[in-house]
Amino acid sequence: MSDLICVGAVAGAFGVRGEVRLKSFCAIPEEIEDYSPLTSEDGSQSYTLTLTRPVKNGFAALLSGIETKEQADAVQGLRLFARRDQLPSLPDDEYYHADLMGLEVYDTGGTLLGTVKSVQNHGAADLLEIHGPGLKSTVLLPFTLAAVPTVDLEKGRIVADPPDGLF
């Protein structure tokens, strides 16, 4: 399991004084500030984060070292990470997306269906994007207890009972 968890991303500049538009991936969005300082994915850059105000689809925020609109434009798309030990521990039936990616997915009969490529959410519920050599295209598996009864992080596998016709 990765020691870093993605908690937000820079969506672009906000204004002309170096503020950025920030998307928070935290369950309580404003708690992203509690995990500051945040790092880049490779850990090479560290940023102190200060939320300045809520804006549509996120927050306006200040990142240390970003003082101009041009610098804010340059970090657009930057994903921000917190250390796992900074984040709250999760109940048994909840997972960080980073922990699910790369897990092998088997059906209830033990047949390998594929591997989790990403976790997506288009508004209703999380979907596991599954890809594999036997699939013509990626498959979106609902991440519900009915469709995914077992997640075994220690063994690196998921047991799925997908809806008929999905695979």
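Go through region 11-36 and give me each residue that's open to solvent by 70 Å² or more (accessible area, probe 1.4 Å), in a loop (DSSP other than H, G, I, E, B) and over 14 Å from Gln71 (Cα atoms).
Of everything in region 11-36, those that are open to solvent by 70 Å² or more (accessible area, probe 1.4 Å), in a loop (DSSP other than H, G, I, E, B) and over 14 Å from Gln71 (Cα atoms) turn out to be Phe25, Ala27, Ile28.
Looking at region 95-157, what strands (runs of 3 or more DSSP E) fall wholly within it and have at least 2 residues that are under 20 Å from the mean Cα position of the chain (by Cα) and under 21 Å from Gly8 (Cα atoms)?
Counting at least 2 such residues, we get 112-121, 126-131.
Inspect region 133-140 for any residue being in contact with a helix residue (DSSP H, G or I) (Cβ under 8 Å, 6 or more places away or on another chain) and surrounded by 13 or more Cβ atoms within 10 Å (Cβ to Cβ) and give the result as yes or no.
Within region 133-140 (the criterion being in contact with a helix residue (DSSP H, G or I) (Cβ under 8 Å, 6 or more places away or on another chain) and surrounded by 13 or more Cβ atoms within 10 Å (Cβ to Cβ)), the answer is no, since none of the residues qualifies.
Could you list, in sequence order, the residues of region 144-154 that are within 14 Å of Thr115 (Cα to Cα) and touching a strand residue (DSSP E or B) at 6+ places or on another chain (Cβ under 9 Å)?
Val148, Val151, Asp152, listed by residue number.
Checking the structure you have, find out if any residue of region 66-77 is in a strand (DSSP E or B) and more than 23 Å from Gly43 (Cβ to Cβ).
So far as region 66-77 goes, no, none of its residues is in a strand (DSSP E or B) and more than 23 Å from Gly43 (Cβ to Cβ).
Of all residues in region 75-121, how many are open to solvent by 70 Å² or more (accessible area, probe 1.4 Å) and in contact with a strand residue (DSSP E or B) (Cβ under 9 Å, 6 or more places away or on another chain)?
11
The values are calculated or read from the model by the stated rules, or taken from the named source; none is laboratory data. Quantities reported herein were computed from a predicted structural model and do not represent experimental measurements. Glycine also receives a Cβ, built like all others from the backbone with ideal geometry; neighbour counts cover every protein chain displayed. Remember, those area values only see protein heavy atoms, side chains included, never the ligands or the DNA or RNA. Shrake-Rupley method; radii C 1.70, N 1.55, O 1.52, S 1.80 Å.
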